[in-house]
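Only one structure is covered here, and it is reproduced in the block below.
The values are calculated or read from the model by the stated rules, or taken from the named source; none is laboratory data. Bear in mind the structure is a predicted one, so any value in this text is a computation, not a measurement. Every residue, glycine among them, receives a Cβ derived from its backbone with ideal geometry; neighbour counts consider all protein chains shown.
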Amino acid sequence: MKADLDFLRPYFLGPASENADVLEALLLEFLRDHAYWRRNFHPEDGQRIDPGARHSPEFHEFEARTRQELFALSAELKRAVPFFHPRYVGHMSSDLLLPGLVAKLITTLYNPNNVSEEAAPVTLDMELRVGRQLARMFGFAVDDAAEPCAWGHLTSGGTVANYEALWNLRAVKFYPIALQAGARACSFDPNPVGPAAKALSEYSKWELLNLSIDQTIELRREVAGAAGKLDDRRAIHRLRNAVREARLENVGIAMFFQEHEIKPPLVMVPVSAHYSWEKGMKVLGLGTAHLCRVPVDGAMRMEIGGLRGCLDAAFRDEVPVLGVVGMLGTTEFGAIDPIHEIVQERDLRRAQGQDFGVHVDAAWGGYLTSVFRAADGSFLSRDEVREGFRYFPSDPVYEAFHAIAQTDSVTVDPHKLGYVPYAAGAFVARNREIVDFVTQQAAYVFDLGDEEAELPRAEKLHSLGQYILEGSKSGAAAAAVHVTHRVLPLDVTGLGRLLRVTIRTTERFHDAARRTSERLAGQVHLTMPFEPDTNLVCLTINPVGNDSLAAMNRFGRRLFSCMRVDPNQPLQVKEFIGSYTSLQYGGLTEQHATRILGELGVAAADFVEIPEDPARESDHIFVLRHTLMNPWFMTGPDDRTYIGLYWEYLERTITKVLNERELWADPNGDSE
Ligand SMILES: *Cc1c(COP(=O)(O)O)cnc(C)c1O
């Protein structure tokens, strides 16, 4: 069982720093390389810090202070969370792949700023290449001649990538309205333009609000083309300014919607969506009231009937729908939303003149797409992917990954399943022309004669800061992702091979859970509220004989207190470190709540929105949550595996907490 994991041995520093000498040699080599590089920049200038300076008292004092503070830092850092160890099964963090770690550390010496090519001649290009690699993994076209051609770039994380998705979707959605208003102000009415091949003025507001991204790009191009034919530079200039002035980004949301009598647009996400979507609605001023939360099914995946209901209501009332967001791996449960069904629904609606963008929040699961890609870039068949797994991938999971190629944009986090250091998220868009709707520069196609506008697409993107939410940003992060992708390509022979190990780990963990559940049947009901879609596992545990949800939650929290990071305790005393989540009332349907609670022997009537008890012990179901991304979890000391050690530990802890009845059975007990 261990032998087939041998390939992983050079990948990481290792749980016991087994590869410390490799890391040390690499760092020393490239540190020296950096020093030589400095010396070779105008060597004729000589030195500014003379060798004798280090004997001065000031030099010594500064050095001593630095050393002292670094020692203090290093001592403090010993309280950090041991993400690198297989005994850490909590949040979405693990050991770092050595190629990316070294790339990040050594690139920091050069300190490139990926805001623009001028500040990062090397790493900005790497960032755009990384964007293309991610896009290719998702199945988007990345050939420069392709139309549309995808692009992607790095962000500080999934949160900012999600904001960017909203920002892009909003910019495109309302552009046609501004285009029509601007043209009208200039008494310019190109004809025929757009998908209906008629005069721009003849499009109704509702039609303009229901163009697809590609149609909007095409419409803008046609209108610009018609303007160009006027051969009147001043008229073109006036038109460009009129359109810009009419845009939502210029007049602001309030005025734009009032002036055009447009209802506030909606964004649809599953109830299980990451909280960054709520933050994004606030940041963009769209309002959280306009974030529709679509119910989920018993597997915690977006329920497509629920989505249809939300869409029906919106389109009936002529409310624009900015986008539907599917989660490719929810943060709490690892569930994979049916991206294929969302895409199908969009296609059906599109045929009826109802349009919306589709974004995939794959911050967690995006890199798992590499498990589905062959080295030649083709998408593997279901049987090919399934080889070597017991359960993965279920049919809906396979279909969901396959359908990403038909969506508009994707969020993915290299600092999660890419095993690279923080901060590295990414935003990938299927059609790079979308950047013209968010640019800060006068780079619309109307800017005939504008140098920037006439640059070939790919080169234009080198003024990256013009097209993204962030400004100055780390080139070292780009280098880290770039080197990681070079060493481990985004297919099943590269990164996918490592990620397959995490899924196999999860399958074994899952089977061990079943066995433990059977063995402990007389003492506790131990269940998985839903089958894992990927490599995140949730467990619910209730003592036999207890039918109170509040007591079960106290029991769970008591269990968890043994495996949580506690700033007041040395981490070394923890045998395992996990994480938890809860199923909130309203976060799942009554039917599924009843099933989950029934399996646990808890009265479904206990689960309420507003509990009597002030501690709100029964408005949620407490869940132990484990992220199984550490590659060594299937191995272990002696002949054991960490999977076995974990279950033995959990069993011991359950027995211990069962004996502490007073702490959980009684509502006045300790509810930590
Ligand atoms: C982690 C996560 C995010 C947020 O990403 P950060 O990198 O923490 O900003 C968004 N969506 C999902 C589904 C996530 O798992």
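Take the residues of region 243-269 that are among the β-branched types (Val, Ile, Thr) and farther than 22 Å from LEU469 by Cβ: which is nearest to the chain's Cα centre (by Cα)?
If we take residues in region 243-269 being among the β-branched types (Val, Ile, Thr) and farther than 22 Å from LEU469 by Cβ, then ILE262 is nearest to the chain's Cα centre (by Cα).
Restricting to region 174-221, give me the number of residues that are closer than 25 Å to VAL435 by Cβ, of a type in the set (Ser, Thr, Tyr) and in a loop (DSSP other than H, G, I, E, B).
Of the residues in that region, 2 qualify.
So that you can scan it fast, the table gives a plain yes or no per residue for (1) in contact with a His (Cβ under 9 Å, 6 or more places away or on another chain); (2) more than 23 Å from GLY298 (Cβ to Cβ); (3) in contact (Cβ under 8 Å) with a residue 40 or more places away in the chain:
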{"residue": "ASP547", "(1), (2), (3)": "no, no, yes"}
{"residue": "MET563", "(1), (2), (3)": "no, yes, yes"}
{"residue": "ASN568", "(1), (2), (3)": "no, yes, no"}
{"residue": "GLN572", "(1), (2), (3)": "no, yes, no"}
{"residue": "GLU575", "(1), (2), (3)": "no, yes, yes"}
{"residue": "LEU588", "(1), (2), (3)": "no, no, yes"}
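In this structure, is GLY323 modelled with pLDDT of 95 or more, under 11 Å from PRO265 (Cβ atoms) and crowded, with 17+ Cβ neighbours inside 10 Å?
Against the criterion (modelled with pLDDT of 95 or more, under 11 Å from PRO265 (Cβ atoms) and crowded, with 17+ Cβ neighbours inside 10 Å), GLY323 qualifies.
If you go through region 56-79 one residue at a time, do you hit one that is closer than 23 Å to TYR422 by Cα, surrounded by 13 or more Cβ atoms within 10 Å (Cβ to Cβ), more than 16 Å from the ligand (Cβ to nearest atom) and touching a residue at least 24 places away in the same chain (Cβ under 8 Å)?
no
Restricting attention to region 260-269, does a residue exist that is within 16 Å of the ligand (Cβ to nearest atom), under 22 Å from GLU345 (Cα atoms), modelled with pLDDT of 95 or more and in contact with a Lys or Arg (Cβ under 7 Å, 6 or more places away or on another chain)?
Among the residues of region 260-269, at least one is within 16 Å of the ligand (Cβ to nearest atom), under 22 Å from GLU345 (Cα atoms), modelled with pLDDT of 95 or more and in contact with a Lys or Arg (Cβ under 7 Å, 6 or more places away or on another chain), which makes the answer yes.
May I ask you to list the residues in region 602-622 that are in contact (Cβ under 8 Å) with a residue 24 or more places away in the chain and acidic (Asp, Glu)?
Selection gives ASP606, GLU609, ASP613, GLU617, ASP619.
Quick one: would you say VAL397 is under 24 Å from the mean Cα position of the chain (by Cα) and either under 14 Å from LEU134 (Cα atoms) or free of Cβ contacts under 8 Å to residues at least 60 places away in the same chain (or both)? It would help to see each step written out before you state the result.
On the way: under 24 Å from the mean Cα position of the chain (by Cα): yes; either under 14 Å from LEU134 (Cα atoms) or free of Cβ contacts under 8 Å to residues at least 60 places away in the same chain (or both): no.
So VAL397 fails the test.
I need the helices (runs of 4 or more DSSP H) fully contained in region 370-470, keeping only those with at least 2 residues that are crowded, with 17+ Cβ neighbours inside 10 Å, away from the ligand (no atom under 16 Å from the Cβ) and at pLDDT 95 or above.
In region 370-470, 395-403 are the helices (runs of 4 or more DSSP H) which contain 2 or more residues that are crowded, with 17+ Cβ neighbours inside 10 Å, away from the ligand (no atom under 16 Å from the Cβ) and at pLDDT 95 or above.
For region 153-167, what are the residues that are within 7 Å of the ligand (Cβ to nearest atom) and either more than 11 Å from the chain's Cα centre (by Cα) or over 19 Å from GLN133 (Cα atoms) (or both)?
THR159, VAL160, ASN162
Any residue in region 173-185 that is touching a Cys at 6+ places or on another chain (Cβ under 6 Å), surrounded by fewer than 22 Cβ atoms within 10 Å (Cβ to Cβ) and in contact (Cβ under 8 Å) with a residue 60 or more places away in the chain? First the steps, then the outcome.
First pass over region 173-185, keeping only residues touching a Cys at 6+ places or on another chain (Cβ under 6 Å): none.
For region 173-185, residues touching a Cys at 6+ places or on another chain (Cβ under 6 Å), surrounded by fewer than 22 Cβ atoms within 10 Å (Cβ to Cβ) and in contact (Cβ under 8 Å) with a residue 60 or more places away in the chain: absent.
Going through region 500-523 one residue at a time, which ones are part of a helix (DSSP H, G or I), farther than 15 Å from ASN535 by Cα and among the polar types (S, T, N, Q)? Walk me through it before giving the result.
Taking region 500-523 first, the residues part of a helix (DSSP H, G or I) are 500-519.
Keeping just the survivors that are farther than 15 Å from ASN535 by Cα gives 514-519.
Scanning region 500-523 gives THR516, SER517.
Which of the residues that make up region 356-369 are within 16 Å of the ligand (Cβ to nearest atom) and in contact with a strand residue (DSSP E or B) (Cβ under 7 Å, 6 or more places away or on another chain)?
Result: VAL358, HIS359, VAL360, ASP361, ALA362, ALA363, GLY365, GLY366, TYR367.
Is at least one residue of region 160-168 in contact with a helix residue (DSSP H, G or I) (Cβ under 6 Å, 6 or more places away or on another chain), under 22 Å from THR484 (Cα atoms) and either in a loop (DSSP other than H, G, I, E, B) or modelled with pLDDT of 95 or more (or both)?
no
Please go through region 102-133 and give me each residue that is under 21 Å from the mean Cα position of the chain (by Cα) and free of Cβ contacts under 8 Å to residues at least 24 places away in the same chain, ordered by number.
Within region 102-133, ARG132 is the sole residue that qualifies.
Within 19 Å of VAL102 (Cα to Cα), assigned to a loop (DSSP other than H, G, I, E, B) and basic (Lys, Arg) - does that describe any residue in region 480-490?
No.
Which of the residues that make up region 595-617 are of a type outside the set (Val, Ile, Thr) and closer than 25 Å to ALA521 by Cβ?
Matches in region 595-617: ARG595, LEU597, GLY598, GLU599, LEU600, GLY601, ALA603, ALA604, ALA605, ASP606, PHE607.
Kindly indicate whether any position in region 304-320 is within 16 Å of the ligand (Cβ to nearest atom) and within 17 Å of VAL358 (Cβ to Cβ).
No, region 304-320 contains no residue that is within 16 Å of the ligand (Cβ to nearest atom) and within 17 Å of VAL358 (Cβ to Cβ).
Hey, could you check region 270-287 for residues that are exposed (fewer than 14 other Cβ atoms within 10 Å of the Cβ) and within 16 Å of the ligand (Cβ to nearest atom) and say which is nearest to the chain's Cα centre (by Cα)?
TYR275
Check GLY353 against each of (1) at pLDDT 95 or above; (2) crowded, with 20+ Cβ neighbours inside 10 Å; (3) under 30 Å from ARG244 (Cα atoms); (4) away from the ligand (no atom under 15 Å from the Cβ) and name the one condition it does not meet.
(2)
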